[in-house]
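Peer 1: Just dropping this structure here.
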Amino acid sequence: MMEKDNPIDILHQGVDAWNEWRLQNQGQSLQLPNENLQGLFQTGLAIKGFTAPLSGVNFSNMNLRGAFIESADLSYANFSGADLSEAILNGADMSHADLSDTTMVDTNLKGAMLDNANLQGANLMRSTLVQTSLQGADLRGCNIYGVSVWGVKIDEHTNQSNLLIQNYNEPLIRVPSLEMAQLIYLLLDDRTKLRELLCGIGERGVLILGRFEPKRKDILDAVADVLTTTGYLPIMFDFDEIPGRNYTETIVLLAGMSKFIIADLTEAKSLPQEAQAITSQIDIPFMSIIEQGHDAWSMMKDIVQNRYVDSRIISYQSKEMLVARVPLLVEIAEQNVEIMRQEKAQSELTQVSIEEI
């Protein structure tokens, strides 16, 4: 790289000129000054007002630490091996970009578009992935220790295999997905926090049972929405079976994590088996609802013999009526929870000798 060459001036000439210049100066250490980058990337204009389109630009192996690259079009760009630590990439379009082996420690990727990007081997320690789009992205081998993950968009083409959790010299943990990372870390690293997590779910989890065909699912979703807005965690088993567990085992597992159950008996053909399996193994308050014009199955008479299953089957005329009364259902269920806890607290074992019998 000749001393007279000014990287910013070269970048002003456009992506083709920049990439050709990078090719001619391979192996040269290069860092763009952050004060220039801020004006260039924030507005799409260089300091002198020259437009600089950046789609397809070659920034491989460059030091871009702390760069301000908000909302820039960096699609198809080459960042392989670059240092983007502490960079601001909010809202940037980095779709189809090559980010393999990049260092992105403490990087802000809020709202960034990384669809179909290659992030193999990238170091994402403590990065912010809030509402970041990763559809079709390749994340194999990424270090995701301390990553903030909220509202991330992924799809069936996102490759999350072999994600790593490693904080410098600490033992390496491998996880199968971003969503599982925090839970698995708690399981392996801090059991007290895991207990707090499970207690939190047990205090707010509400298992919703019913039929998941479109009309009925719409009603169950409406109930779930009300529960969410009032601070509860609605749980519905409307996903594929868990490998190694049959349907009933999964339902019982979810019930064991919940505070109480709301079951819509309307046309719910599998509910008798589910309710029987749950109430025979777990003490949990059980509220039943049904749409007017439908009858509960006869087996419900056996289910309500469980002391914590409310014998009242509460009917509703419409979704709107049901939604309006969900807080009342919750109030009744909470009262039953308190009764159950008091009874369990009073249960004591007494040891006596055989002569006293």
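The values are calculated or read from the model by the stated rules, or taken from the named source; none is laboratory data. Everything quoted here is computed from the prediction, not taken from an experiment. Glycine gets a Cβ as well: all are built from the backbone with ideal geometry, and neighbour counts include every protein chain shown. Please note that ligands, DNA and RNA were not included when accessible areas were found on the heavy atoms of the full protein model with its side chains. Shrake-Rupley method; radii C 1.70, N 1.55, O 1.52, S 1.80 Å.
Peer 1: Give the calculated FRET efficiency between Leu328 and Ser161 to the nearest 0.05, with a Förster radius of 41 Å applied to their Cβ-Cβ distance.
Peer 2: Details: r = 47 Å, r/R0 = 1.14.
The value I calculate is 0.30.
Peer 1: Within a Cβ distance under 10 Å of Asn90, other residues only, what is the Lys/Arg minus Asp/Glu net charge? The partial results should precede the final answer.
Peer 2: Working: positive: Lys110; negative: Glu70.
Charge balance near Asn90 sits at 0.
Peer 1: Additional query: For the range 281-327, take N as its residue count and report Rg(C-alpha) divided by 2.2 N^0.38 Å. Present the calculation step by step, with values, prior to reporting the outcome.
Peer 2: Details: Rg = 12.0 Å, N = 47, 2.2 N^0.38 = 9.5 Å.
Ratio of Rg to 2.2 N^0.38 Å for the range 281-327: 1.26.
Peer 1: Further, regarding this structure: Arrange the peptides 337-344, 154-161, 102-109, 135-142 so that the one whose residues have, on average, the most other Cβ atoms within 10 Å appears first.
Peer 2: On the way: 337-344: 12.1, 154-161: 14.5, 102-109: 23.5, 135-142: 21.2.
Ranked by mean Cβ neighbours within 10 Å, highest first: 102-109, 135-142, 154-161, 337-344.
Peer 1: Average the reciprocal distances over every distinct pair of alpha-carbons in the chain, invert the result, and give the Kirkwood radius in Å.
Peer 2: Values: mean 1/r = 0.0409 Å⁻¹.
24.5 Å is the Kirkwood radius here.
Peer 1: I would also like to ask the following. Ignoring ligands, DNA and RNA, what percent of the 1.4 Å accessible area of the chain is carbon and sulfur?
Peer 2: Numbers: 9340 of 19130 Å².
Carbon and sulfur atoms account for 49 percent of the accessible area of the chain.
Peer 1: Next question. Considering only protein heavy atoms, what per residue accessible area in square angstrom results for the range 278-357 with a 1.4 angstrom probe?
Peer 2: Values: 5490 Å² over 80 residues.
Solvent-accessible surface per residue comes out at 69 Å².
Peer 1: Per residue, how large is the accessible surface of the range 102-189? Use a 1.4 angstrom probe and give square angstrom. Could the numbers behind the result be given before it?
Peer 2: On the way: 4230 Å² over 88 residues.
In whole numbers, the range 102-189 has 48 Å² accessible per residue.
Peer 1: In addition: In a shell of Cβ-Cβ distance under 12 Å around Val15, excluding Val15 itself, what net charge do Lys and Arg (+1) and Asp and Glu (-1) give? Don't skip to the answer; put the middle values down first.
Peer 2: Numbers: positive: Arg22; negative: Asp16, Glu20, Asp73.
Spelling it out: positives minus negatives among the neighbours equals -2.
Peer 1: Let me ask something else. Run the quick spin-label model on Lys319 and Glu196: label points 7 Å from Cα toward the beta carbon, then report their separation in nm to one decimal.
Peer 2: Each label point lies 7 Å from its Cα, and together they span 3.8 nm.
Peer 1: Still on this model: What does the charge count near Thr103 come to, summing +1 for each Lys or Arg and -1 for each Asp or Glu among other residues with Cβ under 15 Å from its Cβ? Working shown, then result.
Peer 2: On the way: positive: Arg65, Arg126; negative: Asp83, Glu86, Asp98, Asp101, Asp106.
Local charge sum for Thr103: -3.
Peer 1: Determine the order of Asp101, Asp264, Asp283 by accessible area, beginning with the largest, at a probe radius of 1.4 Å.
Peer 2: On the way: Asp101 100, Asp264 5, Asp283 70 Å².
Final ranking, largest accessible area leading: Asp101, Asp283, Asp264.
Peer 1: So what is the relative contact order of the chain, in percent, for Cα pairs below 8 Å that sit 6 or more residues apart?
Peer 2: Working: 716 pairs, mean separation 25.0, N = 357.
Relative contact order here is 7 percent.
Peer 1: So what's the back-of-envelope 222 nm ellipticity for the chain, counting only DSSP H runs of four-plus at -39500 (n - 2.57) apiece and dividing by all residues, rounded to 500?
Peer 2: Taken over the chain, the calculation gives -10500 deg cm²/dmol.
Peer 1: Can you tell me what the convex hull of the Cα atoms of the range 260-357 projects to on average, as an area in nm²?
Peer 2: Working: hull surface 32.1 nm².
Taking a quarter of the hull surface, the average projection is 8.0 nm².
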